[in-house]
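Working notes, beginning with the structure itself.
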Amino acid sequence: MNVQDETTKIFHAETEDLLKSAEACLLRLEDEPVSGPEVEELFRVFHTLKSGFAVVGFDVASKYIHMIENLLERVRSNEVPVTGPLVSLLLENVDFISEMLNRGLSGEPVAASEDLEAGRVGLNRFLSPGPVSGEEKSGLEDAATDEAPSQDAPDESVFYSIEIHFRGDLFISGQDPILLLMNLTEFGECLEVTADLSELPSYDEMDMFDMYISWKLILKTSVTANVIEDVFMFVKDENEISINEIADPIVDTIGLDDPETPIGQVLVETGGITDEDLNHALSQQKMVGEILVEQGKIGKDVLERVVSKQKATRDAYRKTTIRVDVEKIDYLVNLAEEIGIALPRMQSLFSKGVDVYWSEIEQELENLIKINQDFQERIASVRMFPLEGTFRRFQRIARDTANEQGKKIKVRLSGVGTEMDKEVIEAVTDPLKHMVRNCVGHGIEKPEERKAAGKPEEGVIEFKAYRKAGKILIEIRDDGRGLDVDAIYQKALDKGIVRPGDVVDDNKIVDFLCHPGFSTASEVTSLSGRGVGMDVVKTEVERLGGSLLVETLKGKGTAFTLAIPLTFALTEVLHVQVNDISYLVPLLEVIGTLGFEAIRLRSFGADEKVYRFRGEYVPLVDLSRVFGMSGGERGLEGSSLVFFDTGRKRYGISVDEILDPYQVVVKSLESNYRSVQGITGATIMGDGSVALVIDLLSLEEIFFKDS
Amino acid sequence: MSENQYVVFALNEQTYGIEINKIKEVLSYRNITPIPHVQEFVKGIINLRGVILPVFDLREKFRLPSVEYTMFHVIIVVELSDRIMGVIVDEITDVLEIQPDDFQTTEYMPPGLQKEFLKGVGKKGDDMMIILLDMDRLLSPEELELMDAVEDTTA
């Protein structure tokens, strides 16, 4: 891997983290809009972002971020108050930067000039009367200088164009041009400074006591020309200094009154550049792909294919690195040390004599087993990340959607510290975004409507994460109008998903909602109602071995709950034997074992059987039949039964023998064979043989599929 | 008449139940006039006091092994999706009241019988399980159409 790649990768990861923390910061600011540590942090974040973009050569982006930084600088010094609109604007800019990041990484120009201009105008609105920085005139392309704007810009400012051309022997007279220039900034704001280096000779010919550089600058100030002239009191006679009052170099009204006017046009109108300059600059801004398509060099489909491939590569990028809390690594190092201590002790006990030190060896072994268990869990936790970032993003989406639709909401988060596998988080985040939009779009009513229904105007959306029985539950709950069960039912009828007279319960409602192409929204908005989303959520959750539940109450609200299994490398299993084959079943889902009694067995329909377990009839699944293994119909007489609750169903299997439970590391069959339905993987038993670990959910699917 | 009362009958040594208020009457087995071009489980038509009724066999509907009919078989005349039909079963064994506590939903039931056909499972004592049928959903719209056609051809 070359250095460039590595740098880009680090840049990518870092920038994403920075953007996330900026977003979180802004959302906290929105709850409590006061200048304080949040603003300081934001300032730091944007500053780091700016440098990051500059390091990888995305100068346009870097300069753009610089404008944000300037704005924040003013917020920090309490010149600009923290307000709702300001936070919204900054949030939009976070998105914009993230877009620039992605475009930049895929080799496109980071942003279209119109977008940059729109962003600039937005930022400017908060900075009036003074502009953001010295970049106004030069646009984003060549902001050579950007001094922090001076404070207390007077109301009646005038603009001076100052041209300074010193004599070559300036230094002999003891004058320092830097000091002179710095004096100028005390009067006001330098909007533009250009150094003319054309007379600068090559290094060999340069005389360090000679002056070669001349300057041109535009000063915005309230002082008179005489005051400025005084600065040059000692040099003006021998050097060429011209001070001319000029009209406002940027006619604010052109650019700001009509935000649609692109910067290029503004510049042409103010005489900053010519049309030709503009066209040249614009042509460089265009996406390469688009140009090629326009020129007929490639087809649009080809471009789209390449772009989507690029996206895949970018996604792959994301997967290769993760950032891990140092604490977690320290813990692992400790565990490794403990193993390092325990092993030599074992060795020495063995060499001293197994018979004599039997109990010590046993004790030490137990200790090692404990360490190993801890180790496995901790290793797994390296991949685990708190859900905070994801929840903050949801909060953001909920908030944006509500704003867009004129709804008022309050977002509550709980369990943000709950950790989940990074890959799982990534897999569910996108589909969940749809659900969040749905909650606000369909669930929460408009303020008037809420008021009429006797509810507070502000709707409440709650994101909750917690662990329960080996699963992580993510809950999205709103106090809106609830799902319109009748409308959903009607729609299901129309689509032929359901038959008249079918009983509809909450589970069925989920099934309908998750049916591809199902949507009850009467109008299609940009937010929700496109009929995609729920089926994606469901597919994704099921792929992860989880389930999706919904509860809804008309007028009271809706709650969606995702239950996703925790994935640890070490699984606790029960060892059973069927027809001399060893199977392992996850202990977590076992609810009981029984010896077979014929009196509790009932046949059910043509070829199924149910068994009375704790007063309930549950199906008995024939493993050999489901797996299509030979062995034929086994007699149930004398067998043992193991019962499971997978969270969705209850059922039992009959086995010849139940052996001890223990912990195993499950190995995937896919790496060298292929995935087998109903089997999670295999493990190596104490005697070296291989046993299959049953995937109860998948087994259940095979068994119940025709019901 | 209580809603929880069921007429319980045997079918291939399994126990099934139909809500009592769906049942018009119970007939002893009698000759059925077969009709051509119908699904396997539709056995034909009978004459009940001048009314022509289609009759079908629950064993075949549930894909249970079929048997020769004997004088011990019975035809239950039921109301089913606003129609009157006859259903052949092995024998009527009981009339039972099933309390909500003894009722189990179809949630965990195996795929052997289509869930739509069932209301749930009733439990009586420690060892009796009664599969409770939902008569109105026993026949699909297509099957109902076929049955209607049977009546029409004979009307």
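The values are calculated or read from the model by the stated rules, or taken from the named source; none is laboratory data. It should be emphasised that the depicted structure is a prediction, and the values quoted were computed from it without experimental measurement. Note: ideal-geometry Cβ built from the backbone for every residue, glycine included; neighbour counts use all protein chains shown. When the accessible area is computed, the model is the full protein with side chains, heavy atoms only, and any ligands, DNA or RNA have been set aside. Shrake-Rupley method; radii C 1.70, N 1.55, O 1.52, S 1.80 Å.
Can you work out the base-10 log of I(q)/I(0) for the range A:326-385 at q = 0.20, 0.23 1/Å, using the Debye formula on its C-alpha atoms alone? Result of the Debye calculation: -0.73, -0.86.
Sorting the segments A:394-402, A:380-388, A:97-105, A:332-340 by their residues' average number of neighbouring beta-carbon atoms within 10 angstrom, most packed first, yields A:394-402, A:97-105, A:380-388, A:332-340.
Pop out the Kirkwood hydrodynamic radius of the range A:423-479 from its pairwise C-alpha distances, inverse of mean 1/r, in Å to one decimal.
Numbers: mean 1/r = 0.0769 Å⁻¹.
The answer is 13.0 Å.
When the Gaussian network model of chain B links Cα atoms closer than 10 Å, the mean-square fluctuations of B:Ile52, B:Ile76, B:Ile130 top out at B:Ile52. A dipole drawn for the range A:570-704 from +1 and -1 charges on Cβ atoms has a positive end, and of A:Val585, A:Ser603, A:Leu696 the residue lying farthest that way is A:Ser603. The smallest convex shape that holds all Cα atoms of the range A:1-104, its convex hull, gives 79 Å³ per residue.
These residues, A:Trp358, A:Trp215, go from largest to smallest accessible area, 1.4 Å probe, as A:Trp358, A:Trp215. Both the radius of gyration and Dmax for the range B:9-103 are 13.7, 46 Å, in that order, over alpha-carbon atoms.
Solvent exposure of B:Lys24, expressed as accessible area, is near 110 Å², computed with a probe of 1.4 Å over the protein chains only. Given a cut-off of 24 Å, name the pairs among A:Lys408/A:Lys554; A:Lys20/A:Lys556; A:Lys554/B:Lys123; A:Lys468/B:Lys123; A:Lys410/A:Lys455; A:Lys370/A:Lys464 whose C-alpha atoms lie farther apart than that in the structure shown. Going by Cα-Cα distance, A:Lys20/A:Lys556; A:Lys554/B:Lys123; A:Lys468/B:Lys123; A:Lys370/A:Lys464 fall outside the 24 Å limit.
The label point for A:Arg167 and the one for A:Trp358, both projected 7 Å from the Cα toward the Cβ, are 10.9 nm apart. Scoring A:82-88, A:478-484 by mean Cβ neighbours within 10 Å over their residues and listing the highest first yields A:478-484, A:82-88. A 1.4 Å probe over all protein chains sorts A:Leu566, A:Leu72, A:Leu588 by accessible area into A:Leu588, A:Leu566, A:Leu72, starting with the largest. Assuming charge only on the beta carbon of Lys and Arg (+1) and of Asp and Glu (-1), the dipole of the range A:326-385 about its Cα centre is about 200 debye to the nearest 20. Of the residues A:Phe375, A:Trp358, A:Ser348, the one whose Cα sits farthest toward the positive end of the charge dipole of the range A:326-385, with +1 on the Cβ of Lys and Arg and -1 on the Cβ of Asp and Glu, is A:Phe375. Our estimate of slack between A:Glu616 and A:Glu458, defined as 0.36 nm per intervening residue step minus the Cα-Cα distance, is 52.3 nm.
If only the Cβ of Lys and Arg carry +1 and only the Cβ of Asp and Glu carry -1, the dipole of the range A:3-127 around its Cα centre is close to 300 debye.
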